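The values are calculated or read from the model by the stated rules, or taken from the named source; none is laboratory data. Note that the structure is a prediction, hence the values are computed from the model and not measured. Reconstructed Cβ throughout: ideal geometry from the backbone, glycine too, with neighbour counts over all protein chains shown.
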Amino acid sequence: MLVNLDWLKDYVNISLSPEELGDRLTHAGLNLEFIEQRDSQTVIDLEVTSNRPDCLGHLGVAREIAAITKQGMCQPEIKLQECADKAADHIQISIEDQQFCPVYVARVIRGVKVGPSPAWLVDRLKSLGIATINNVVDATNYVMFECAQPLHAFDFQKLAGSQVTVRKARDGETIKAIDQREYRLTSTMGVIADQRGPVAVAGVMGGFESEISHETTTILLESASFNSLSVRNTSRSLELFSPSSYRFERALDQHGVAWANARCASLIQELAGGEVLSGEVIAGELASAFGKPIELRFSRIPEILGIEVPSTEVSQILQLLGCQISSSTPQTITVLAPSFRRDLVREIDLIEEVARIYGYENIPENVPVPLCSSRKTTADRVAEKVRRTLVGSGFFEAMTVAFTSESQQNWFAPRSVTTSLMVDHSRRRNENLLRQSLVPSLLNVRRENIRRGNHDAHLFEIARVYLGSEITADCAQQPAVLGCVSGLPFLDLKGILAAVAMACRSDIRLETTESSLESFAPYRGAELWLNGKRWGWCGELHPEIVQHAGMKDQVTVAEVDMGLLEALFQAAPQFRAIPQYQSMIRDLNFSLAEEVQWIDLEKTIQLAAGPLLEAVRFSGQYRGKQLGEGQKSYLATLVYRSFERTLTSEEVDEIQKNVMNSCLEHHGAVVRS
């Protein structure tokens, strides 16, 4: 941002040399690029960050200087002489899209005499690298560089009709801009239009057909607020850049739109004469002059900065920056940030303002800043154990983007969510949905690994999934899950997940039930339960989904809830003595009806076997012609152990008989020979 030093002196008293001033501004956050003499004008180039669009005008920089030097500043005086004729009787403004253009202000000035600008105005614009056109156009440029609000003047007599509309362009519409090049517009671009069509590309550049010429006698002066993202996209799509678009691409002051229009009308009247029709025509609504109240605790300043700043000086700094103190106590003040400082929304923002104006150089390097020890949260500790277990099992952690496409989302969608959170952005036209599962993203990563010759890419990721408005749009409330994608058999992955659960709580109970998810191959998917609560899903993907994902070999996937692990987490593992006596292992191969679930059979075995049963494991299943239609077989592995003595074969055989009889009685399960 080029700043004219003499221009600044219109608003604030500057006794510092240009070099000293540049140094003070740099310490306050406006980095000095260079100081240069252009004819008789001293020009300072300052780097203005994107969150400070108010400093893209001389008034904003002058306000910074006033705060640094602890003095007041002068606002330009507006001297408008309006006639009795009302502007609203000659022009009507309408806005079709309030999100694109929240407010549009217009004035009509007639009887102007277009001609060259006075030398002082020419010199000031020339020092900033702006060519002078005529006194009307130069006035709009001058006010823009004064207060950062772009303006545009139309030749009122060249506009078709008395209705001006702010709208989106129609596909195929064209406009010849002031640079005398023709541009083809799309429906994503904003325009200012009369009854014939577009007369300006909103926020970017005016049209050639309605520009100010020496024959102009009546002008329509506009100032407006436009959506910064839309202006940025339009400017880049058309490859059309201007000082106006540069400013509109940042969030400008929506309250200052009317002030800038009145200021420019006053300057035009001074330079070109004419009479200003009474009143301004406003479409939309001007923003409030101040934002929401922000409470600043004086005690927080030394906690953050490490030094004490007197409360009176804190208030003075904030007021010099344009803030308003609405109330105060010995411990706090309530601050209203001005509309041109939309970056001030939190207490920490105010503390940063105090620090940079008070002077970072006044903060000693050796002052101890109060610190307090922190500790890992339960979520952090659980995630650490999960990572350690999976990495130890040969898995690699992946980090994928949170976006997916609708087709990929359908690869694995275990939750019944009807609403998907969607992002409407040009860069996310295909993958624009926030994912409801980690599995599709991990499938893409596994596919890319396989294409590069890495067929043993066993992957996991811990991240949030987004379940739409049925839960909440707040990211922090979306559930964190663990997703796994591997080429391992189902039982291997299930065993690894059991180890994950055991790492979080040694006495945890993992159970499985058959899953009806269509994403799994038939009879190859399961729901996982921890201590009676559903934990997630595990199974082999359906071959069609594997093919859609661009792979050939079988893929096993799992997705479980990290929140349940956190709820069951046991921070201090409980001691269990190492068994002193040998276990005895027996297998039972049951033939039973298709509708019997493993979890039901498992419970029957546990009840029938009694206290000497240490574990019962699912070791496989079979379906085939030998069993008959509607039949299947489960292979169960039973582990027996006593903590007091060595078991004998006879007593284990007796328990086995009880198990077989109970399974036959309750489930019609027959032991295959």
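Computed values, structure above
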item: Sole exception among (1) modelled with pLDDT under 85; (2) under 24 Å from the mean Cα position of the chain (by Cα); (3) of a type outside the set (S, T, N, Q) for ALA379, by number; result: (1)
item: Some residue of the range 631-648 being in contact with a Phe, Trp or Tyr (Cβ under 8 Å, 6 or more places away or on another chain), assigned to a helix (DSSP H, G or I), at negative phi and not β-branched (Val, Ile, Thr); result: no
item: Listing of strands (runs of 3 or more DSSP E) fully contained in the range 437-551 that carry 2 or more residues being loosely packed, with under 15 Cβ neighbours inside 10 Å and on the phi < 0 side of the Ramachandran plot; result: 533-541
item: Candidate set from the range 323-357 (those that are crowded, with 21+ Cβ neighbours inside 10 Å and of a type outside the set (A, V, I, L, M)); member that is nearest to ARG297 (Cα to Cα); result: GLU353
item: Single residue of ILE175, ILE109, ILE192 found to be aliphatic (A, V, I, L, M), part of a strand (DSSP E or B), more than 36 Å from the chain's Cα centre (by Cα) and at negative phi; result: ILE109
item: Of the criteria (1) without any contact (Cβ under 8 Å) to a residue 12 or more places away in the chain; (2) acidic (Asp, Glu); (3) in a loop (DSSP other than H, G, I, E, B), which one ASP653 fails; result: (3)
item: Residue check, LEU528 touching a residue at least 40 places away in the same chain (Cβ under 8 Å) and either within 30 Å of ARG576 (Cα to Cα) or outside the structural domain of LEU421 (by TED's automatic domain parsing) (or both); result: no
item: For ALA160: the one exception among (1) part of a loop (DSSP other than H, G, I, E, B); (2) buried (at least 18 other Cβ atoms within 10 Å of the Cβ); (3) out of contact with any helix residue (DSSP H, G or I) (no Cβ under 9 Å at 6 or more places or on another chain); result: (2)
item: Selection status of GLN631, among the polar types (S, T, N, Q) and closer than 24 Å to GLU527 by Cα; result: yes
item: Residue selected from the range 208-231 under the condition more than 17 Å from VAL281 (Cα to Cα) and small (Gly, Ala, Ser), by the criterion surrounded by the most Cβ atoms within 10 Å (Cβ to Cβ); result: SER210
item: Options LEU318, LEU296, LEU271; residue that is assigned to a strand (DSSP E or B) and buried (at least 20 other Cβ atoms within 10 Å of the Cβ); result: LEU296
item: Near pairs, Cβ below 7 angstrom, 6+ apart or cross-chain, from the range 229-245 (under 22 Å from ALA260 (Cα atoms) and modelled with pLDDT of 95 or more) to any residue that is hydroxyl-bearing (Ser, Thr, Tyr) and not in a helix (DSSP H, G or I); result: none
item: Enumeration of residues in the range 274-293 that are outside any strand (DSSP E or B) and surrounded by fewer than 19 Cβ atoms within 10 Å (Cβ to Cβ); result: GLY279, GLU285, LEU286, ALA287, SER288, ALA289
item: Number of positions in the range 178-189 that are part of a loop (DSSP other than H, G, I, E, B) and either farther than 17 Å from GLU96 by Cβ or more than 32 Å from the chain's Cα centre (by Cα) (or both); result: 4
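Residue-wise test of (1) of a type in the set (A, V, I, L, M, F, W, C); (2) surrounded by 14 or more Cβ atoms within 10 Å (Cβ to Cβ); (3) without any contact (Cβ under 8 Å) to a residue 24 or more places away in the chain; (4) not assigned by TED's automatic domain parsing to the domain that holds ASP456.
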site	(1), (2), (3), (4)
VAL557	yes, yes, no, no
VAL560	yes, yes, no, no
LEU564	yes, yes, no, no
PRO573	no, no, no, yes
ILE578	yes, no, yes, yes
LEU588	yes, yes, no, yes
ALA593	yes, no, no, yes
VAL596	yes, yes, no, yes
